[in-house]
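Working notes, beginning with the structure itself.
Laboratory data are not the source of any read-out in this text; all were calculated from the coordinates shown. Model, not experiment: these values are computed from the prediction. Because the Cβ atoms are built from the backbone with ideal geometry, glycine has one as well, and the counts that use them run over all protein chains shown.
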2 protein chains.
Amino acid sequence: MALIVQKYGGTSVGDVERIKKVAERIKSIRDDGNQLVVIVSARSGVTNELIARAKAISADPSEREMDQLLSIGEQETIAFTAMALHAVGVPAISYTGAQAGIVTDKAYTKARIQSIDAAAMKADLAKGNVIIVAGFQGIDSDGQTTTLGRGGSDLSAIAIAGAIKADKCEIYTDVDGVYTADPRVVKNARKIDEISYDEMLELASSGSKVMQSRSVEFAKKYDIQFEVRSSFNHNPGTLVKEEAASMEKVVVRGVAVDKNQAKLIIHNLTDKPGTAAKVFRALADANIVVDMIVQNVGHNGVANLTFTVPSIEVNKAKQALAPVINEVGAKLSAQEEFAKLSVVGVGMKTHSGVAATLFKTLADVGVNIDLISTSEIRITVAIDQAKADDAARAIHTAFGLDKA
Amino acid sequence: MALIVQKYGGTSVGDVERIKKVAERIKSIRDDGNQLVVIVSARSGVTNELIARAKAISADPSEREMDQLLSIGEQETIAFTAMALHAVGVPAISYTGAQAGIVTDKAYTKARIQSIDAAAMKADLAKGNVIIVAGFQGIDSDGQTTTLGRGGSDLSAIAIAGAIKADKCEIYTDVDGVYTADPRVVKNARKIDEISYDEMLELASSGSKVMQSRSVEFAKKYDIQFEVRSSFNHNPGTLVKEEAASMEKVVVRGVAVDKNQAKLIIHNLTDKPGTAAKVFRALADANIVVDMIVQNVGHNGVANLTFTVPSIEVNKAKQALAPVINEVGAKLSAQEEFAKLSVVGVGMKTHSGVAATLFKTLADVGVNIDLISTSEIRITVAIDQAKADDAARAIHTAFGLDKA
């Protein structure tokens with residue numbers, strides 16, 4: 001008998017028929033003698049629909065009221081899922097975030113989980129119930145409803161798995177797991193059986209859409225191993241876990257391409273202490289996440305500073321930077337037509353030559369490298385967007401990822 | 001400055017435009033220097049839609065899960081209403097039933113309010129906020145979500161008005177108030193300015209659709225005066241209050257017709273102690289509310305027992321009675337084509353001749369009386385359904401209700 005936490009995303013509970021299929025899956029796992037806590041998302045589309053109606057009422061709806069509103073999406077799914085389980089003879093009980101004891105801080109729309117009081121869940125599990133918990137939501141210490149932000153249901157699942165010391169945590173989604181590259185672009189991409197938290201984190205921040213970084217960060221921090229798998233079939237997925245020695249045998253685990261980044265260049269920035277700090281303070285104050293940063297060597301006392309931000313943030317970034325640019329007498333330009341290509345693998349720690357292979361492969365397919373940034377287990381290059389897919393395929397082959 | 005409780009029903013908050021209109025009404029009352037606590041229902045249609053989807057998942061969904069599900073309808077409206085108020089510059093804060101401190105018993109789908117801890121509402125009122133509370137819902141002592149059953153939002157409003165000692169309680173609906181008769185049937189029907197709790201109760205149980213009896217019962221028990229009025233205009237409505245001496249000058253306050261009752265007749269019932277008790281015990285166990293009961297004088301040791309039940313309960317009643325009928329060797333028949341016509345007025349207590357006028361008027365329009373039942377302030381007759389509207393018009397005139 002194992003204690004299993006499962007999380008089903010929006011497409012997995014998208015309609016009545018899908019919910020019934022989820023109930024059957026849960027029933028069969030329970031019939032094998034397991035205990036289950038199941039976290040569910042709002043059915044796909046609901047959240048966007050509610051946001052649209054809120055925007056029709058108020059251009060800038062209050063964050064507290066948005067959380068009060070958006071939490072109903074998951075509340076609908078928990079009730080329907082519990083009913084579907086009852087219909088197939090499985091005792092089940094639904095929990096809102098508050099009822100599940102998920103206490104967060106007071107940061108509406110992006111709250112952080114502070115603690116989980118699992119006593120009620122444990123008592124209901126002991127009585128033989130399957131527990132269905134609303135993902136994405138919690139309650140603050142004053143009883144206010146909060147939501148966890150994008151990817152919040154994954155975070156709910158991982159945090160609950162940690163709190164109840166689950167034997168397994170399974171994140172069900174509409175893909176089979178984490179791939180060596182985007183299978184729509186790289187035909188020979190293969191599903192990865194095991195990946196380390198760090199690799200998963202690097203992939204998430206390099207354009208892989210499977211999970212948000214913060215859920216993986218949480219899992220890494222508390223070492224809560226989880227499996228990403230599909231609710232549309234019974235194939236095994238990708239196990240995300242602490243780094244194992246064997247993982248270093250594989251030099252590159254995967255290739256990720258991100259076409260949703262824009263490059264901002266500040267020309268003729270006075271090269272004196274504190275100037276760059278002003279730039280990034282202005283961006284941080286506007287809540288803009290900056291990714292790659294490169295500054296060339298200054299000559300004549302001025303330098304060019306280049307960095308990347310998400311494409312949708314370009315205008316916000318320009319506005320935030322205007323006063324600084326003005327103050328220091330520099331010039332700002334933006335380039336949106338580029339792509340960020342990353343190779344990720346813990347094996348890089350102990351293998352040399354990864355950068356050399358990467359750069360040679362790019363040269364072979366005629367791709368010029370614009371910016372380079374690296375971490376211990378990742379190399380990222382900024383390249384021409386039009387050539388990114390070709391480059392990804394060549395690199396996938398060059399690092400031997402085509403073969404099992 | 002007054003402390004005003006308002007309740008807006010499903011049609012009043014039916015879409016974004018209606019919600020904005022409600023926000024404007026609230027703003028204008030607040031601008032006059034008043035404090036407001038506003039109770040809202042789910043927008044019309046939502047509850048039925050959720051019920052339909054629940055039934056698609058499970059033929060007999062659990063009552064706990066139904067409450068978990070249905071409470072989201074009101075939760076949507078509170079957030080939207082608060083946002084609409086923010087958009088017109090009014091500070092507002094939404095409360096779920098739980099956040100409003102509405103504690104109920106554990107009877108899912110028909111919970112009774114046990115207490116209201118108004119401390120949080122009072123604190124937010126003192127800060128200048130308009131409070132928006134989800135009607136129809138509460139929380140039990142274990143933190144489980146409960147709902148109050150049909151007409152529950154009216155009950156929430158009246159209970160909150162009592163708890164915070166409001167100066168006024170206004171129930172906004174899609175009609176202008178309580179009428180002397182159904183205006184669709186009786187052209188000369190007039191809006192009633194003031195009515196006693198008891199009269200309102202008798203009207204509610206006699207087929208008037210304006211409010212459910214239990215909200216009025218609650219208001220009467222705690223003497224919480226309220227006004228029923230329309231959210232579609234600014235006309236004064238009907239004030240429902242404790243009986244005043246002046247009310248007795250009006251003999252008959254209103255006429256109500258109920259065509260949704262069925263008559264059940266048990267023929268040849270053995271006329272011995274305990275037989276009738278068995279019949280009504282069987283009906284009570286099946287949760288069927290019996291209204292008029294008439295038994296004729298027994299001869300040859302057998303009697304006929306006649307009573308009325310809501311039409312939709314006829315089949316359930318037949319099933320519930322089958323074993324008893326069988327046991328005592330009687331025969332059961334049902335008649336659905338009849339109407340219940342009632343005249344109601346506290347004036348009846350001190351005026352004689354009401355029954356005589358009623359019966360003479362019915363005779364004049366050729367209507368035969370089938371059953372009669374009376375209370376201190378009501379006379380009800382069961383008559384031919386086809387003639388019920390004509391009868392109502394004649395009686396409305398006979399009791400002088402046509403004129404102001």
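Here are the numbers for the structure shown:
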read-out: The stretch B:3-174: radius of gyration and largest Cα-Cα distance (Dmax), Å; value: 15.3, 51
read-out: Kyte-Doolittle mean at least -0.5 and Cα axial length at least 18 Å: DSSP H helices in chain A; value: A:63-87, A:314-328
read-out: Taking A:TYR108, B:TYR95, A:TYR222, B:TYR8 and counting other C-beta atoms within 10 Å, the order from fewest to most; value: A:TYR222, A:TYR108, B:TYR95, B:TYR8
read-out: Inter-copy label distances at B:ALA119 (7 Å, Cα→Cβ; nm, one decimal); value: 1.9
read-out: Other-chain or far-sequence residues with amide H under 5 Å of B:THR11's (modelled H); value: B:SER44
read-out: Per-bin percent of Cα-Cα distances, the protein assembly as shown [20 Å]; value: 14, 35, 30, 14, 7, 1, 0
read-out: Choice from A:ALA330, A:ALA166, A:ALA111 showing the highest fluctuation, given a GNM over chain A with Cα pairs closer than 10 Å; value: A:ALA330
read-out: Total charge dipole magnitude, the stretch B:268-335, about the Cα centre, Cβ charges on Lys, Arg, Asp, Glu only, Debye to nearest 20; value: 100 debye
read-out: The stretch B:151-245: mean projected area of Cα convex hull, nm²; value: 6.2 nm²
read-out: Residue of chain B whose Cβ sits closest to the axis mapping B onto A, with distance in whole Å; value: B:ILE72, 2
read-out: Shielding of A:81-93 by partner chains, average beta-carbon count, 10 Å; value: 4
read-out: For the stretch B:211-233 versus the stretch B:281-342, the gap between their alpha-carbon centres in whole angstrom; value: 32 Å
read-out: Principal axis box of the stretch A:211-308, alpha-carbon based, largest edge first, Å; value: 61, 32, 28
read-out: Gyration tensor over alpha-carbon atoms, the stretch B:47-102, equivalent ellipsoid semi-axes in Å; value: 30, 13, 5
read-out: Cα-projected label distance for B:ALA284 with A:THR397, points at 7 Å along beta-carbon direction, nm; value: 8.5 nm
read-out: The stretch A:68-118-the stretch A:168-209 distance, computed between alpha-carbon centres (Å); value: 27 Å
read-out: Considering only chain A, percent of DSSP beta bridges that pair antiparallel, nearest 5; value: 60 percent
read-out: In order through the stretch B:180-190: 3J(HN,Hα) via Karplus (6.51 cos²θ - 1.76 cosθ + 1.60), integer Hz, x for Gly, Pro; value: 5, 6, 5, x, 6, 9, 9, 4, 8, 4, 10
read-out: Whole-Å semi-axes of the stretch A:304-404's equivalent ellipsoid (Cα gyration tensor); value: 32, 15, 12
read-out: A:ASN368/A:HIS299 FRET efficiency (R0 25 Å; Cβ-Cβ; nearest 0.05); value: 0.60
read-out: Aspartates and glutamates with Cα under 18 Å of B:LYS165, excluding same-chain neighbours fewer than 8 positions away; value: B:ASP117, B:ASP124, B:ASP154, B:GLU217, B:ASP223, B:GLU227, B:GLU242
read-out: Residue-averaged [θ]222 nm for chain A, counting only DSSP H segments that reach four residues, each worth -39500 (n - 2.57); value: -11000 deg cm²/dmol
read-out: Per principal axis, descending, Cα span of the stretch B:268-335 in whole Å; value: 34, 22, 18
read-out: Listed pairs B:LYS20/B:LYS187; B:LYS220/B:LYS349; A:LYS21/A:LYS220; B:LYS209/B:LYS340 exceeding 24 Å between Cα atoms; value: B:LYS20/B:LYS187; A:LYS21/A:LYS220
read-out: Inter-label distance, nm, simple model (7 Å from Cα along the C-beta direction), A:ASN315/B:ARG184; value: 5.0 nm
read-out: Top of B:ALA107, B:ALA286, B:ALA392 by mean-square fluctuation, Gaussian network on chain B, Cα under 10 Å; value: B:ALA286
read-out: Relative pair counts by distance (%), Cα atoms of the stretch B:77-143, 10 Å bins; value: 23, 45, 26, 7
read-out: Nearby aspartates and glutamates by direct alpha-carbon distance to B:LYS331 (threshold 17 angstrom, same-chain neighbours under 8 apart not counted); value: B:ASP271
read-out: Inter-copy label distances at B:ALA107 (7 Å, Cα→Cβ; nm, one decimal); value: 4.6
read-out: Equivalent ellipsoid semi-axes, the stretch B:241-386, via Cα gyration tensor eigenvalues times 5, rooted, Å; value: 32, 16, 15
read-out: Nearby lysines by direct alpha-carbon distance to A:LYS106 (threshold 21 angstrom, same-chain neighbours under 8 apart not counted); value: B:LYS127
read-out: Two-site label geometry, A:ASN260 and B:GLU49: point separation in nm, points 7 Å out along Cα→Cβ; value: 2.8 nm
read-out: Chain B, Cα convex hull volume normalised per residue, Å³; value: 160 Å³
read-out: Per-copy distances of the A:LYS55 label point, shortest first, in nm (7 angstrom along Cα→Cβ); value: 3.6
read-out: Percent RCO, i.e. relative contact order, over the stretch A:3-174, from Cα pairs under 8 Å lying at least 6 residues apart; value: 30 percent
read-out: In range of the label at B:HIS267: residues from the stretch B:314-341 whose backbone nitrogen is under 11 Å from the point 7 Å along Cα→Cβ; value: B:331-334
read-out: Highest-fluctuation residue, A:ILE312, A:ILE293, A:ILE192 considered, GNM on chain A with Cα pairs under 10 Å; value: A:ILE312
